[in-house]
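Beneath this line is the structure, given in structure tokens, with notes to follow.
The values are calculated or read from the model by the stated rules, or taken from the named source; none is laboratory data. Note that the structure is a prediction, hence the values are computed from the model and not measured. Every residue, glycine among them, receives a Cβ derived from its backbone with ideal geometry; neighbour counts consider all protein chains shown. Surface accessibility is based on the protein's heavy atoms, side chains included, excluding ligands, DNA and RNA. Shrake-Rupley method; radii C 1.70, N 1.55, O 1.52, S 1.80 Å.
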Amino acid sequence: MVKRNKILFRNIDWRIVVIYMIMIFFGCMNLYSVSPEKAEKQLIWILLSFFFIFIIFLFKPIHYKHITPFLFLFTLFLLIGVFFFGKNVNGSKSWYVFGSISFQPSELAKISTSLMIAHIMSQENIENNNKALLHISIILMLPSFLILLQPDPGSSIVFSSFLLTLYREGLSISFILYFLFYILLFVVSITLSPWIVILFLFISFIFFFFFKKNLSFIDLFFYIFLFISFSVFSFFSPFVFQKFFKQHHKDRINILFQNEFDRKYRDNVGYNLLYSKTAIGSGKFFGKGYQKGTVTKGKFVPEQHTDYIFCTVGEEWGFIGSIILIIFYLLFISRIYFLSERQKNIFGRIFGYSVGNIFFIHLIINLGMVMGLFPTIGIVLPFFSYGGSSLWSFTVLLFIFIRIDASDQTSLI
């Protein structure tokens with residue numbers, strides 16, 4: 001047992017552990033600038049996360065594979081239960097509250113879904129296997145749909161990161177392109193008249209048929225079906241947007257196409273984005289210095305300790321500090337991909353890619369939010385944003401994978 005533990009300790013990828021430690025330390029420092037009280041709480045949660053890491057290493061990787069179906073079912077139970085026993089926070093019923101302790105089951109869903117995807121795909125190859133692809137689609141849609149109903153569209157969007165995992169395992173790039181096109185079509189359809197969008201689609205398809213030679217009947221039927229589905233989706237997008245989106249969700253999307261500096265928006269829906277850009281821009285090249293950010297100290301940016309924590313980095317550490325932080329994140333995510341690729345068991349590889357993709361989409365969307373490239377949808381910056389649930393979920397995701405990687409690469413035992 002002692003010998004096995006020594007080998008396990010030696011096989012841990014310490015480079016990724018060091019990057020993790022640097023990021024949570026730097027994250028707590030920046031949080032202290034925003035709110036010393038919240039930074040103290042965050043420090044307690046960081047210390048508790050070390051306890052979770054210890055528990056994670058007590059289990060063998062094969063145990064995670066065995067408990068995965070039960071953990072996934074338990075997560076679905078929690079996601080359903082939150083509609084009945086959850087607390088409404090900021091218009092979203094997505095939290096369980098027990099006294100001073102709160103828990104967001106969508107964070108657990110990221111872990112259990114990552115494990116479940118790895119569990120199923122380690123047994124079924126999705127390449128040219130429609131049955132396996134159907135199973136995976138159901139696994140992904142169940143938690144994301146329940147989270148969307150809360151409504152928490154931000155956490156639901158995170159599940160789109162699994163498309164990158166499926167692409168690595170053989171999913172055609174066409175599926176991802178269709179997914180991205182539907183998002184683009186939705187955004188365009190709620191800003192322009194759907195009839196204009198449909199007319200543009202019709203002209204595009206006419207040009208395509210004109211230049212495409214020797215189309216078979218099946219191909220012709222497929223492209224006509226695509227045109228009809230795109231047109232129907234475009235026509236109903238404004239209706240869905242108006243009827244099923246909360247007003248604050250609609251405002252956050254609409255402001256992306258408006259000028260937040262306009263007096264009409266700067267004191268209401270454009271306020272967050274206006275001061276977010278102001279804080280980042282005021283840092284200039286080298287920043288104002290630690291705890292010297294005037295926008296941060298003035299608490300002008302709402303939710304700066306969670307969704308908008310990057311504003312503090314931009315203001316106090318400037319362009320240089322922001323770029324260094326982004327480089328650290330990219331090194332961190334790249335290391336996860338590298339470790340995933342070297343796994344000799346399929347379960348470890350797929351789980352590793354899922355972990356890396358979740359971190360990647362959180363990084364991209366959070367940076368896009370604070371710079372006005374993406375609507376504010378509650379996507380936190382890993383290891384920087386305030387919150388125990390998110391910190392623990394990211395830590396558990398990462399260290400389950402580190403535990404798998406540190407084990408014998410030829411088995412899960």
* Find the eigenvalues of the gyration tensor of the Cα atoms of the chain, then list the square roots of 5 times those eigenvalues as equivalent ellipsoid semi-axes, largest first, in whole angstrom. => 35, 32, 20
* Asked: Can you give me the pair-distance distribution of segment 32-94, C-alpha pairs, 5 Å bins, whole percents?
  -> 4, 13, 11, 11, 17, 21, 15, 7, 1
* Where Rh denotes the Kirkwood radius from the mean inverse Cα pair distance, what is Rg over Rh for segment 70-177? -> 1.03
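Tell me what the chain gives for mean residue ellipticity at 222 nm when only DSSP H runs of n ≥ 4 count, each as -39,500 (n - 2.57), the sum divided by the residue total, rounded to 500 deg cm²/dmol. Don't skip to the end; give the middle numbers.
Values: 18 runs with 296 residues, N = 413.
The per-residue figure over the chain is -24000 deg cm²/dmol.
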* To do: Find the Rg to Rh ratio for segment 123-252, where Rh is the Kirkwood radius over alpha-carbon pairs and Rg uses the same atoms.
  => 1.01
* Asked: Debye sum, Cα scatterers, segment 135-204, no solvent: what log₁₀ I/I(0) at q = 0.28 1/Å?
  -> -1.18
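Going through the cross-link list K38/K292; K41/K65; K93/K277, which pairs have a Cα-Cα distance over 22 Å in this structure?
On the way: K38/K292 18 Å; K41/K65 33 Å; K93/K277 29 Å.
Going by Cα-Cα distance, K41/K65; K93/K277 fall outside the 22 Å limit.
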* When the chain is fully extended, how far beyond the present Cα-Cα distance does L149 get from F285, taking 0.36 nm per residue of separation? -> 44.7 nm
* Asked: Per residue, what accessible area does the chain have, given a 1.4 Å probe and all protein chains present, in Å²?
  -> 51
* Asked: How many nm separate the modelled label positions at L330 and L58, each set 7 Å beyond the Cα in the direction of the Cβ?
  -> 4.0
* **Gaussian network model of the chain, Cα within-10 Å springs - most flexible of I44, I117, I361** => I44
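Evaluate E = 1/(1 + (r/R0)^6) for K344 and S193, where r is the Cβ-Cβ distance and R0 equals 60 Å; express this FRET efficiency to the nearest 0.05.
On the way: r = 55 Å, r/R0 = 0.91.
Calculated transfer efficiency: 0.65.
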* **Stokes-Einstein translational diffusion, segment 317-413 - Kirkwood Rh over all Cα pairs, 1.002 mPa s, 20 °C, in µm²/s** => 147
* Percent accessible area from carbon and sulfur atoms, the chain, protein chains only, probe 1.4 Å -> 71
* Asked: Put a dot 7 Å past each Cα toward the Cβ at F236 and S174; how far apart are the dots in nm?
  -> 2.3
* **F319 paired with L47, simple spin-label distance in nm, labels 7 Å along Cα-to-beta-carbon** => 4.1
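Using a Förster radius of 25 Å, what is the FRET efficiency between Y271 and V97 based on their Cβ-Cβ separation? Nearest 0.05, please.
Numbers: r = 28 Å, r/R0 = 1.10.
In this case the efficiency is close to 0.35.
Are there any helices in the chain, counted as whole DSSP H runs, that stretch 20 Å or more along their axis by Cα and score at least -0.5 on average by Kyte-Doolittle, and if so which? Working shown, then result.
Details: long enough: 14-34 (30 Å, 1.69); 36-58 (34 Å, 1.39); 61-85 (35 Å, 1.59); 105-121 (23 Å, 0.78); 130-148 (26 Å, 1.76); 173-191 (28 Å, 2.52); 194-211 (26 Å, 2.72); 217-244 (39 Å, 1.65); 310-341 (37 Å, 1.39); 346-370 (36 Å, 1.51); 388-406 (26 Å, 1.42).
The answer, listed by residue number, is 14-34, 36-58, 61-85, 105-121, 130-148, 173-191, 194-211, 217-244, 310-341, 346-370, 388-406.
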